[in-house]
Structure formats: structure tokens, C-alpha cells
């Protein structure tokens, strides 16, 4: 079963625009991670935010975490065509020591 | 390049057959995770090994089994294959085996069952 759920399922924007993806989860977590996957390739880790953090930046990425709402958002600023990929949030499940991934948001950035 | 290798890249086989997928973790990583990704199911956690021992189990079918060897490489065995087993299979590795760690993914094995 999946822990995180991304929203929207698909997002299409123009190059230069910002892209925002959301993730909701169900149980308590130690941290939340965002991964990116180019079509048919392995996932690549983007950023990790701990449960006691509210916001984190990495380059053009900004992640927020609201543990009271059990939700996170990933913002990609000034998007590029190369950002076209699927983006997944992942949360650890302390009860089972496994990581659960959401179904992903498919982002298309049009040049 | 994550440092995690998976072989083979592609595998085409028939229903009822058995296949073995192989994963070598990053140098220094002790834990290996296996995932299945199909179009309609997203990324499903199958099983985790840490330093040769099973650490956590997810949605792994009884027809599937895995092990981690002393050199830390891992194999996922899929038997009595069905059409629905067609998917991408990924392994990922971490240093400590805690679910909260960053996972480094291999390029995946695409399995097609005909």
C-alpha cells in the first residue's frame, strides 16, 4: 500500500513558469523525501526534509512540510524543459522500517 | 550514475517461467531494497535486506523471493510468472538500512512476460 499521495497526477506548464506539486501522507514520519524519475529510468533523490523542519531549499527546489496536516509541497521555480519527469514523494514508516512512495506527479515543461 | 547496478536491463520471458534479477549496491552500502513499478500500481516496496538478513517486507508475492549474499549483492527471484508481473523492477541501496535514509536507485530491469 502507498503512504504518500501526490497531487496533481499530471501537470503541464510552459518553460519559465513555476511548478508546484503536493504530497499527503497518513502516518507519522521521521522525514519526507522527494525523488525524480525520467521516463523508464531509476529514481534520483532530490531533497530530504526532516519532520522537525518546515522548509528547505536546494537550488531551484523549495520543499515545505506541514506535519499537522500531514502534507508537503515541492516547488520548482523557473522550470526548464529538462525538468520534465515524474516526481515522487516518499515517507518512511517507522512501524515497518520501510519507505512508501506515492503514485507520482507527471510534470511536462513545454519549451 | 548512482553507483547501483542492476542486470539484466531487459528480460523477456513466458508465463510460468522463472527469472532472477541481480542488484549490486553502492560501495559501502549494506542495505538493499527491491521495488516493483507497473503502470497502474506506482512504485511498490517488495522487500529489504540489511547485511544479509531480511529487514522489512512489503507487498511481495509468495512466488517471489530474494536474498542478499555475503558480498552484499542481492537477487530477486520471480517464479511461476504471470502476465501481470510485467513491470520495471528497481533495487535501491542505503548505508544503514533505516527507512529514513536516502535511497540510491539502480537503472532497473524491465521484465516483460508474454
- request: Go through region A:27-43 and count every residue that is at the interface with chain B (Cβ under 7 Å from one of its Cβ atoms) and within 18 Å of residue B:94 (Cβ to Cβ).
  value: 5
Failed item in (1) more than 21 Å from residue B:17 (Cα to Cα); (2) modelled with pLDDT of 95 or more, with residue B:67 passing the rest: (1)
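Can you name the residue in region B:41-56 that is over 20 Å from residue B:88 (Cβ atoms) and not in a loop (DSSP other than H, G, I, E, B) and is also nearest to the other protein chains (Cβ to nearest Cβ) among such residues?
First, the residues of region B:41-56 that are over 20 Å from residue B:88 (Cβ atoms): B:50-56.
Checking which are not in a loop (DSSP other than H, G, I, E, B) leaves us with B:50, B:53-56.
Values: B:50: 9, B:53: 12, B:54: 11, B:55: 6, B:56: 4 Å.
In this case the residue turns out to be B:56.
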- line: When restricted to A:68, A:58, A:39, A:24, the only residue out of contact with any strand residue (DSSP E or B) (no Cβ under 7 Å at 6 or more places or on another chain) and over 20 Å from residue A:108 (Cα atoms) is A:68
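Could you tell me whether region A:78-89 includes any residue that is over 10 Å from the mean Cα position of the chain (by Cα), part of a strand (DSSP E or B) and closer than 30 Å to residue B:10 by Cβ? Steps first, please.
So in region A:78-89, the residues over 10 Å from the mean Cα position of the chain (by Cα) come out as A:78-85.
Narrowing further to those that are part of a strand (DSSP E or B): A:85.
Retained after the next criterion (residues that are closer than 30 Å to residue B:10 by Cβ): A:85.
The answer is yes; a qualifying residue exists.
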- prompt: Quick check: anything in region B:73-84 at the interface with chain A (Cβ under 9 Å from one of its Cβ atoms), in contact with a strand residue (DSSP E or B) (Cβ under 6 Å, 6 or more places away or on another chain) and not in a strand (DSSP E or B)?
  reply: no
field: Within region A:37-54, tally of residues that are farther than 17 Å from residue A:92 by Cα and under 13 Å from the mean Cα position of the chain (by Cα)
entry: 1
Residue that is nearest to residue A:25 (Cα to Cα) [pool: residues in region A:76-107 that are away from chain B (no Cβ under 14 Å) and loosely packed, with under 15 Cβ neighbours inside 10 Å]: A:77
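Kindly establish whether residue B:21 is outside any loop (DSSP other than H, G, I, E, B), within 14 Å of another protein chain (Cβ to nearest Cβ) and closer than 30 Å to residue A:6 by Cα. Outline the logic, then answer.
Working: outside any loop (DSSP other than H, G, I, E, B): yes; within 14 Å of another protein chain (Cβ to nearest Cβ): yes; closer than 30 Å to residue A:6 by Cα: yes.
Considered against the rule, which asks whether it is outside any loop (DSSP other than H, G, I, E, B), within 14 Å of another protein chain (Cβ to nearest Cβ) and closer than 30 Å to residue A:6 by Cα, residue B:21 comes out as yes.
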- request: Report yes if some residue within region B:11-26 is under 22 Å from residue A:87 (Cα atoms) and surrounded by fewer than 20 Cβ atoms within 10 Å (Cβ to Cβ); otherwise report no.
  value: no
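When the residues of region A:1-12 are filtered to those that are surrounded by fewer than 17 Cβ atoms within 10 Å (Cβ to Cβ) and more than 22 Å from residue B:91 (Cα to Cα), which remaining residue is modelled with the lowest pLDDT? Spell out the reasoning first.
Filtering region A:1-12 down to residues surrounded by fewer than 17 Cβ atoms within 10 Å (Cβ to Cβ) leaves A:1, A:7-10, A:12.
Pick out the ones that are also more than 22 Å from residue B:91 (Cα to Cα) and you get A:7-10, A:12.
On the way: A:7: 83, A:8: 90, A:9: 90, A:10: 93, A:12: 96.
Checked region A:1-12; the qualifying residue modelled with the lowest pLDDT is A:7.
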- prompt: Which one of these is in a loop (DSSP other than H, G, I, E, B) and either out of contact with any helix residue (DSSP H, G or I) (no Cβ under 8 Å at 6 or more places or on another chain) or within 14 Å of chain A (Cβ to nearest Cβ) (or both): B:100, B:92, B:66?
  reply: B:100
- request: For residue B:88, state whether it is over 14 Å from the mean Cα position of the chain (by Cα), surrounded by fewer than 22 Cβ atoms within 10 Å (Cβ to Cβ), in contact (Cβ under 8 Å) with a residue 40 or more places away in the chain and over 23 Å from residue B:51 (Cα atoms).
  value: no
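The values are calculated or read from the model by the stated rules, or taken from the named source; none is laboratory data. This is a predicted model, so every value here is computed, not measured. Positions of Cβ are generated from backbone atoms using ideal geometry, with glycine treated the same way; all protein chains shown enter the neighbour counts.
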